[in-house]
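Structure record follows, encoded as structure tokens.
The values are calculated or read from the model by the stated rules, or taken from the named source; none is laboratory data. The structure displayed is predicted, hence computed values, not measured ones. Cβ coordinates were reconstructed from backbone atoms using ideal geometry, including for glycine residues, and neighbour counts include every protein chain displayed.
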Amino acid sequence: MALIAGGASERVATVLEERGFEFELSETSDELSRGERPAVMVLCAEGKVATAVAEELPPLRAVQPEAPVVIVCAEVRPGELRGTVAAGVNGIVLEEHLSATLGVCIEAVRAGQVCVPRRHAPQVEPATLSAREKQILGLVVMGYMNSEIASQLFVAESTVKSHLSSAFSKLGVRSRNEAVDLIVDPERGLGMGILALGGEPIEAGKG
């Protein structure tokens, strides 16, 4: 097993030793052998997961294109998990649950599974928003408050709140600010395209 230094790598090394895993610590991907494939590569992310995937994963893949990768990180922001798995990461372990989940995650990815924290699992699949949810989120991004959105769409404010609650759940966010940050952040792979409306135009007055 290969452990790439950074972030919580000292804690990770301690847990690996306690669980009886054999591993080699590498400071950079350049130190990894291009020979025998490691059972798992454990990458300790510093900062944003999306940044680690964009900057640190490609060098690892260049050296070991087939070895499964587990990322250990402090947090996963809304929208990051889907892009991380799509980039070829096989497992995500949160530092706060390191002792309880690292060994389990490693065994899972060695068996060919993808292993992610349960509370983030809904983020793996793309969010399927209704046309109305997209429309309301578009107005949220533009800075409209709930009452203004209700007036704009000729619906009750409670209807706006209901659609927002549903959209937040699908996106894995908890607030308007988190939703806006997710939609406009290019690193997390959604972009404004998530708000593109398709199909028939929405008629005012229909919730």
Legend entry - the range 1-11 - residue that is out of contact with any helix residue (DSSP H, G or I) (no Cβ under 7 Å at 6 or more places or on another chain) and in contact (Cβ under 8 Å) with a residue 12 or more places away in the chain and, of those, surrounded by the most Cβ atoms within 10 Å (Cβ to Cβ): Ala2
Inset, instruction - Tell me which residues, restricted to the range 163-174, are loosely packed, with under 15 Cβ neighbours inside 10 Å and either more than 14 Å from Ile136 (Cα to Cα) or in contact (Cβ under 8 Å) with a residue 24 or more places away in the chain (or both). - result: Ser169, Arg174
Legend entry - Cross-chain or 6+ apart pairs with Cβ under 7 Å, the range 145-156 first and closer than 19 Å to Asn177 by Cα, then outside any helix (DSSP H, G or I) and among the aliphatic types (A, V, I, L, M): Ala150/Ala156
Legend entry - Residues being in a loop (DSSP other than H, G, I, E, B), touching a helix residue (DSSP H, G or I) at 6+ places or on another chain (Cβ under 7 Å) and in contact (Cβ under 8 Å) with a residue 24 or more places away in the chain - total across the range 22-45: 5
Legend entry - Matching residues, the range 114-150, being out of contact with any Asp or Glu (no Cβ under 9 Å at 6 or more places or on another chain) and polar (S, T, N, Q): Thr128, Ser130, Gln135
Inset, instruction - Could you check, for the range 73-87, whether at least one of its residues is under 17 Å from the mean Cα position of the chain (by Cα) and either in the same structural domain as Arg174 (by TED's automatic domain parsing) or farther than 22 Å from Val173 by Cβ (or both)? - result: no
